[in-house]
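Input: a single structure, listed below in structure tokens.
The values are calculated or read from the model by the stated rules, or taken from the named source; none is laboratory data. What you see is a predicted model; the values in this text were computed from it and never measured. Ideal geometry is used to build each Cβ from the backbone, glycine not excepted, and the neighbour counts take in all protein chains shown. Each accessible area value is taken on the protein alone, full model and side chains, heavy atoms only, with ligands, DNA and RNA left out. Shrake-Rupley method; radii C 1.70, N 1.55, O 1.52, S 1.80 Å.
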Amino acid sequence: MLRSIVVITALTACIPFLASWSIETDRSTPDKHGLFEIREEARRFITQETARGHQRWNVLEPNAKVLVPRCAVPLQAQWTPKNLGRSKPSVMVICAVTVPNAVMERWDVPVPVERTSGSP
């Protein structure tokens, strides 16, 4: 019974934090790369694609469960290759070299996109 009370109390204490979390507030720190910056890199890529006369796209939010180490080099972006099996279009944001950590040396995060209504 005491264990249940402790769990319920802990979950209740987390609710304000979870309710205030958003991509807008998930910024990079010395140890992790923020989803805000990852989404912004996808937006820069889509802006360049649109300027080249390609279809217009709206960048959606990356998966909120993603947690990656801080990137040591500028982020890169490209269309996610179709052979990775994603059912919908997305932009792959890539970190070629992370700051030294015990988890991973590089990473890539798919950021979903959708066509805007004005696209051909």
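Probe radius 1.4 Å, ligands and nucleic acids left out: which of L60, L35 has the largest accessible area, and how do the rest follow?
From most exposed to least exposed: L60, L35.
Checking the cross-link filter: which lysines have an alpha carbon closer than 21 Å to that of K65, excluding same-chain neighbours under 8 positions apart?
Cross-link targets: K32, K88.
Taking the Cα centre as origin and putting +1 on Lys and Arg beta-carbons and -1 on Asp and Glu beta-carbons, what dipole magnitude results for the stretch 60-120, to the nearest 20 debye?
The dipole magnitude comes to about 140 debye.
Over all Cα pairs of the stretch 28-88, how is the pair count split among 5 Å bins, expressed in % and running from 0 up to the last occupied bin?
4, 15, 22, 24, 20, 10, 4, 0
At 1.4 Å probe size, what's the solvent-accessible area of F45? Round to the nearest 10 Å².
Using a 1.4 Å probe on the heavy atoms, I get roughly 20 Å².
Tell me the label-point distance for the pair S117, S87, using the 7 Å Cα-to-Cβ offset, in nm and rounded to one decimal.
Taking the two extended label points, one gets 2.5 nm.
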